[in-house]
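The values are calculated or read from the model by the stated rules, or taken from the named source; none is laboratory data. Since the structure is predicted, the reported quantities are computational estimates derived from the model, not experimental observations. Glycine gets a Cβ as well: all are built from the backbone with ideal geometry, and neighbour counts include every protein chain shown. Each accessible area value is taken on the protein alone, full model and side chains, heavy atoms only, with ligands, DNA and RNA left out. Shrake-Rupley method; radii C 1.70, N 1.55, O 1.52, S 1.80 Å.
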Amino acid sequence: MYPKLKINLCKLEENTKFIKEKCDKNGISIMVVTKSFCALNSAAKAVVDGGADMLADSRISNLVKIKDLKVPKVLLRLPMLSETKEVVKFADISLNSEIDTIKSLSVEANKLNKIHNVLLMIDLGDLREGILPCDVDKTVEEILKLSGVNLYGIGVNLTCYGGVIPDEINLGKLTEIATNIENKFKIKLEMISGGNSSSIYLLDNGKMPSKINNLRPGEVIVLGRETAFGELIEGMHTDIFTLEAEVIELKEKDSIPTGNIGMDAFGNNPVFLDKGKMKRAIIAIGRQDVNPDGLTPYDKDIEIVGASSDHLILDLTNTGKDYSIGSVIKFNIDYGALLMLTTSEYIEKEYIK
Ligand SMILES: *Cc1c(COP(=O)(O)O)cnc(C)c1O
């Protein structure tokens, strides 16, 4: 069945191993982030086989899918107040920045007779989640009063909203905050979590502060690309995921529509370039499944012309290959495309070894 997303489990396992070994050398554990592929169970298992110390996802429903894999589970997105019971049930650790939510986790943990681990997020400039450094002491003090929850550590998230790059200064600040908490409250923090795929480059240039003992890599493992500078990493696979879709029409047609041009299916006023006659193919996939900007045809001579909800139009004029009706066109995909394709129920998933 097409369209199909092929997932190479061997390569996924090898990419995990690659990052795991790099982190091991620096005394850093990894919670591998499964949200980009909706925590598809076979893929999550490959990540565990590759050495993931923990699995992390933004959504409880994804953690439920992987509950039987034998590593600790982490809820990456701050819990909703309305889901704290499920959080305690399905996550061993959750990232937090709101004391009201942590109090609710405490209540639910006590009911279930569990200890829930809290990773307190600190905002060091990226302006997504996290308490401000000036609020650390009073927040820690309040958490330590609660039963049923354990202050497991602190963490920071960067390069997600504000595009702030992790460096010795902001991660240095994180380790300084950790040391201050440990000294002031006479406790030991188990985890100092220094970011996501954008922190990986600091392992290569030796600038990772030594107190950082955990990272939360997602994209670097699934796409083989670090995210501080967008560089592909040598030795990692960049083709774990392949999208395949089928040609349903193939005709020579004009490159410019005929008639008065109004709006397209999405309310935009399209603009066209006259390239004369074109060999145009329609493949059976559309914007309901994926944003076409995130697709790169493996055949470099294919150009994506446009898309509506269920049709993707390609220019095959310059390809030397003999495509026909029923031909399968293959694409490499970016992060946004991976999110959409794994979410869409219209996309068949096929695992290869
Ligand atoms: C998504 C997410 C990650 C993973 O980010 P990548 O850029 O894919 O490595 C890590 N931490 C948090 C809190 C996240 O939300």
## Note on the structure
Picked from the range 142-160 (must be in a loop (DSSP other than H, G, I, E, B) and within 16 Å of the ligand (Cβ to nearest atom)), the residue nearest to residue 77 (Cα to Cα) is 157
### Message
Among the residues in the range 191-201, are any open to solvent by less than 10 Å² (accessible area, probe 1.4 Å), touching an Asp or Glu at 6+ places or on another chain (Cβ under 7 Å) and more than 13 Å from the ligand (Cβ to nearest atom)?
### Response
no
## Note on the structure
In the set 7, 19, the lone residue that is assigned to a strand (DSSP E or B), touching a strand residue (DSSP E or B) at 6+ places or on another chain (Cβ under 9 Å), modelled with pLDDT of 95 or more and over 30 Å from residue 135 (Cα atoms) is 7
### Message
Please verify whether residue 66 is of a type in the set (A, V, I, L, M) and in contact (Cβ under 8 Å) with a residue 60 or more places away in the chain, treating the condition exactly as stated.
### Response
no
### Task
State whether one or more residues within the range 161-171 are assigned to a helix (DSSP H, G or I), more than 10 Å from the ligand (Cβ to nearest atom) and in contact with a helix residue (DSSP H, G or I) (Cβ under 9 Å, 6 or more places away or on another chain).
yes
### Query
Taking residue 127, is it outside any helix (DSSP H, G or I) and either of a type in the set (Ser, Thr, Tyr) or open to solvent by less than 50 Å² (accessible area, probe 1.4 Å) (or both)?
no
### Close pairs from the range 40-52: first on the phi < 0 side of the Ramachandran plot, partner aromatic (Phe, Trp, Tyr) and not in a helix (DSSP H, G or I), Cβ under 8 Å, at least 6 apart
42/351; 43/351
### Query
Is it fair to say residue 286 is within 26 Å of residue 343 (Cα to Cα), surrounded by 13 or more Cβ atoms within 10 Å (Cβ to Cβ), modelled with pLDDT of 95 or more and in contact with a His (Cβ under 6 Å, 6 or more places away or on another chain)?
yes
### Task
Would you be able to say whether some residue in the range 52-69 is under 22 Å from residue 177 (Cα atoms), away from the ligand (no atom under 14 Å from the Cβ) and in a helix (DSSP H, G or I)?
no
### Task
For residues that are in contact with a strand residue (DSSP E or B) (Cβ under 6 Å, 6 or more places away or on another chain) and either part of a loop (DSSP other than H, G, I, E, B) or open to solvent by less than 50 Å² (accessible area, probe 1.4 Å) (or both), tally how many sit in the range 250-264.
2
### Query
How about the range 211-231: which of its residues are in contact with a helix residue (DSSP H, G or I) (Cβ under 9 Å, 6 or more places away or on another chain), over 14 Å from residue 51 (Cα atoms) and more than 10 Å from the ligand (Cβ to nearest atom)?
211, 212, 224, 229, 231
### Residue tally, condition touching a Ser or Thr at 6+ places or on another chain (Cβ under 8 Å) and part of a helix (DSSP H, G or I), over the range 70-84
2
### Query
In the range 130-177, what residues are open to solvent by less than 10 Å² (accessible area, probe 1.4 Å) and under 23 Å from residue 218 (Cβ atoms)?
153, 154, 155, 156, 158, 166, 171, 174
### Task
Please indicate, with yes or no, whether at least one residue in the range 206-223 is in a strand (DSSP E or B), under 30 Å from residue 44 (Cα atoms) and open to solvent by less than 10 Å² (accessible area, probe 1.4 Å).
yes
